[in-house]
Each structure stands twice: as structure tokens, then as C-alpha cells.
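Just so it is clear, none of the values below were taken in a lab; they were calculated from the coordinates. What you see is a predicted model; the values in this text were computed from it and never measured. Here the Cβ positions follow ideal geometry from the backbone for every residue, glycine too, while neighbour counts run over all protein chains shown.
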Amino acid sequence: MTRINNNFLKLPGSYLFSTIGKKIREYEAAHPGKRVIRLGIGDVTQPIAPEIIGALHTAVDEMGRSETFKGYAPDLGYEFLRSVIAEKDYRARGCDISADEIFISDGAKCDCANIQEVFGTDNRIGVQDPVYPVYVDSNVIAGRTGLYDEKKGCFNDVIYMPCTRETGFAPVIPKERPDLIYLCFPNNPTGAVIKREELQSWVDYACENGSVILYDAAYEAYITEENVPHSIFECEGARECAIEFRSFSKTAGFTGLRLGFTVIPRSLKAEGVSIWELWARRHGTMYNGAPYIVQRAGEAVYSEAGRKQVREQIAWYMENAGIISEGLKEAGFTVYGGVNAPYIWLKTPKNMTSWEFFDALLERANVAGTPGSGFGPHGENYFRLTAFGGRENTIEAVERIKKAF
Ligand SMILES: Cc1ncc(COP(=O)(O)O)c(C=O)c1O
């Protein structure tokens, strides 16, 4: 008899964004004529920059000629993309990372979900709370956690590291020792960042304890302040204890094109085994690479014109973040984030639960956001809005919220 992977049954209800989508659809069906502004899901709205589209067109034409046609991509990604990443994202910032330590993929979500496969199921994971749900759920599916505790809103046998307003929404090194430590900065959902010295203390801790840090830097391009590390490899010793995930999704609007990469230093070892070797084996066995045309588009992100256009887009989203933050502050809300990340993390008024505020916002302002509790128990009484909406929608959403609360 065929048996299923019972771990799937530990996952509570539907995925956060499916629940939100369903609630919005139900509201719209019951209130025809009302226009809901969605500032919930973190998807971009600006078209791909012209320089990148140009590269994409050229690559498409290459695919149509026998002399330049490309079949399967090399296992770990095209050299032209890996070298430009190593040069511009790492060596230019003083990080000792070489092209062959970069694994190209179709996005950071898959990579940060799949990476746990190279580690034993008896490792304990430590996650920030609130947290991007993929880290926890992928480990649940792999059997690395206990059951879900409805009352506490978290899984047993996972080390949740609270990120509170008191700690600037950064985690504190926990008493229990995690083997795999997930850190995400700039953070989704709180928009918080970590200072270089603080990140260094995590790297020191991981090196001393023989833990591995899985560092998600998907929003690196949104950093505006000094002394905020763009990569964990800016820290001394990180080559011995860290893996980094990056994405082109929010950096260059590739959510629909799909491109990302993972950096695994050759010197990273666990039980004396090279993690690079294990991930290369996994990549080669289970993955056939991001499309050539998309990798060429990725390369164009690093060209002079591409960089300029992409930076302008990011600055434009960050203007949205400013509009939301300032508007909400004027309306009396307590607001965090929005300075080095496209996320605004607000305290719900009158101590409403996150879902109570979701419903009230939908009803009273016809604006949809994301309840903080969906990211973990310490997200309760908080709410996430994103800066990815169009300008008019963002302005209108803020005006509606001001009137409604
Ligand atoms: C923290 C974080 N990591 C990774 C991702 C996924 O990125 P990608 O589109 O490259 O899969 C997201 C997307 O929202 C994210 O918020």
C-alpha cells in the first residue's frame, strides 16, 4: 500500500497567502463595486527595465538560430552570470567569493526550501519569529520538527528566536543551540536590518558551535543605510559557517521571469564533508537550470545601464514605503521598517489581533495587507504592508486608512 509523507499533515490549514486571497475574493463577491487595494503579497508591479528587456530579446533571437541556440544550461549556471555576480555583488564589497561558489537557480524560495535536504533530519533549526514561512514549512515536510501547537501557534522542536520591538526586531542568540540557523536581513516581514557587528556575533557563535547559518539576503538591494551588511560574507569567518541566498525577484522585478542564486563557500564543511559538494550533487541530480534567456537577462542587471535602471525602480518602491510610513505615522500608527526594505511593519491599533485588523482594514478601508501572526506568534498584534503597489494605489490606500482609523 502506498503511504504518504505524513509530515505534510502537520502543516496547519492553507498557506497564509491562499487564506488572504480567499478572504479578499469573498469580500469582493459580497460587495460588488468596491475596489480592494492589495498591499499584501510582496509581488512587484513595475515592468522589467528596458536594458534587461533588450538582453532578453537578444537572447531569444539567439535561441532561434542554429549557430547560437542553447540547450540545457550548465549544471551550476552559465559562467558569464556567475562571474559577474562574484565580481559585482561580492568582490566589489570585499567578500572573498569566487564564481564557482555561486549556484544559479530559478529563485530563492526553492533554494531556501531545498537546502535543508543536504542536512540530517536530526538537526534542530532556529528561526526568527516572525519568519518567512518557507524556512519552517520546508523543515516540517522534511520531518525535522514536531507537531504544530495550535495554542502557541508554532511547531514543537523548533527553536523560535523572538524578534521584538525591544530588540529592534533582530533575534537574540538563544539558550538552546540550533544546528541550522535561518537569518533573513533585510527582513521579511518586519523590514528590520542587522548591524555588521551584530551579524559578526552570529557568525562567531555559529563557528564556535559548529552550526550553519542560512542567510537570506533577498532584499539586499533595498539597503539604504551605512553599516548594514549587504552579505554575510562581509563577516570574518562566514566562509566556514554560512550559506547565502539571493534573488533577482525584488532586485530587478524577476518574480515572473525567475532567477536567483545560492552562495556556498568551498570551505564550508559539516562532519568534515563539503556542503558545496552535496549541493552540487543535489543540483545536478534534481534540477536542470534556469533558462539561458533569463540568465542573460540577469547578466544585464549588472551592466551600467541595467544597474542604473534597476536602482531607479528600487528607489521608486522605497518612495512608496516612505508614503506609507509617513501617512500611517500621521494617522497615529506606530510603524517600523520601510527604510532598508520594502516592508512596513505596523503595530495594530487598540491591541487588535492581526486578523481582527485584517478584517477591519478590508471592511473599513478596502485595503488588504498581511496579518503579522501569519509569520509566527511574535507577529501577533502586528501587520505588514508592502511598498510594491502602484503609486496611485499606495497614495489612495494611505488616504483611506487615514479616514478609516
Ligand atoms: C525573504 C524571502 N526570501 C525569498 C523569497 C523568494 O524569492 P524568489 O522569488 O527568488 O523565489 C522571498 C519572496 O517573497 C522572500 O520574501
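Residues in segment 317-360 near a label at Lys402, defined as backbone nitrogen under 16 Å from the 7 Å Cα→Cβ point?
Under cut-off, by backbone N: 320-334.
At Glu67 and Ser18, where each label point lies 7 Å from the Cα along Cα→Cβ, what is the point-to-point distance in nanometres?
5.0 nm
Could you sort 397-403, 163-169 so that the peptide with the highest average Cβ count within 10 Å comes first and the rest follow in order? Can you show the working numbers first?
Details: 397-403: 18.1, 163-169: 16.3.
Per-residue Cβ counts within 10 Å, averaged per peptide and sorted highest first, yield 397-403, 163-169.
Which of the three applies to segment 52-303, rounded, prolate or oblate, going by the alpha-carbon gyration tensor with a ≥ b ≥ c and a/c under 1.5 meaning rounded?
On the way: a/c = 1.77, a/b = 1.60, b/c = 1.11.
Cα axes put segment 52-303 in the prolate bin.
Report the extension gain between Arg35 and Lys152 in nm, rounded to one decimal, defined as 0.36 nm multiplied by the number of residues separating them, less their alpha carbon distance.
Values: separation 117, 0.36 × 117 = 42.12 nm, distance 3.53 nm.
Going from the current span to full extension adds 38.6 nm.
Can you order the peptides 309-319, 333-343, 216-226, 179-189 by their average number of other Cβ atoms within 10 Å per residue, highest first? Mind showing how you got there, number by number?
Details: 309-319: 16.8, 333-343: 21.8, 216-226: 19.4, 179-189: 26.0.
Ranking the peptides 309-319, 333-343, 216-226, 179-189 by packing returns 179-189, 333-343, 216-226, 309-319.
Find which of Cys207, Met352, Ser66 sits farthest along the positive direction of the dipole of the chain, computed with +1 on the beta-carbon of Lys and Arg, -1 on that of Asp and Glu, about the Cα centre.
It is Met352, whose Cα lies furthest towards the positive end.
Tell me, how many Å apart are the Cα centres for segment 1-78 and for segment 241-276?
Between the Cα centre of segment 1-78 and that of segment 241-276, the gap is 19 Å.
Kindly flag which residue pairs out of Lys350/Lys403; Lys151/Lys195; Lys109/Lys402; Lys250/Lys350; Lys22/Lys402; Lys22/Lys329 have an alpha-carbon separation exceeding 27 Å in this structure.
On the way: Lys350/Lys403 16 Å; Lys151/Lys195 34 Å; Lys109/Lys402 35 Å; Lys250/Lys350 33 Å; Lys22/Lys402 25 Å; Lys22/Lys329 30 Å.
Check vs 27 Å cut-off fails for Lys151/Lys195; Lys109/Lys402; Lys250/Lys350; Lys22/Lys329.
What is the gain in length, in nm to one decimal, between Ala92 and Ala360 on full extension, counting 0.36 nm per residue of separation less the C-alpha to C-alpha distance? Before the final figure, lay out each step's value.
Numbers: separation 268, 0.36 × 268 = 96.48 nm, distance 4.71 nm.
Result: 91.8 nm gained on full extension.
Dipole magnitude of segment 215-283 about its Cα centre, charges +1 at Lys/Arg Cβ and -1 at Asp/Glu Cβ only, in debye to the nearest 20?
Working: 8 positive and 10 negative charges, 102 e Å.
That gives segment 215-283 a dipole magnitude of about 500 debye.
Under a crude label model (7 Å from the Cα following the beta-carbon direction), how far is Asn123 from Thr353 in nanometres?
Each label point is offset 7 Å from its Cα along the Cβ direction, giving 3.4 nm.
So what's the back-of-envelope 222 nm ellipticity for the chain, counting only DSSP H runs of four-plus at -39500 (n - 2.57) apiece and dividing by all residues, rounded to 500?
Values: 12 runs with 145 residues, N = 405.
Calculated mean residue ellipticity at 222 nm is -11000 deg cm²/dmol.
For labels at Met286 and Thr224 in the simple 7 Å Cα→Cβ model, what's the distance in nm?
3.9 nm
Taking the Cβ-Cβ separation of Lys269 and Glu166 as r and a Förster radius of 41 Å, what is the calculated FRET efficiency to the nearest 0.05? Walk me through the numbers before you get to the answer.
Numbers: r = 36 Å, r/R0 = 0.88.
Using R0 = 41 Å, I get an efficiency of 0.70.
Using the Cα centre as the reference, give the magnitude of the dipole from point charges on the C-beta atoms of the chain (Lys, Arg: +1; Asp, Glu: -1; all else neutral), rounded to the nearest 20 debye. Mind dumping the intermediate values first?
Details: 45 positive and 53 negative charges, 238 e Å.
Dipole of the chain, to the nearest 20 debye: 1140 debye.
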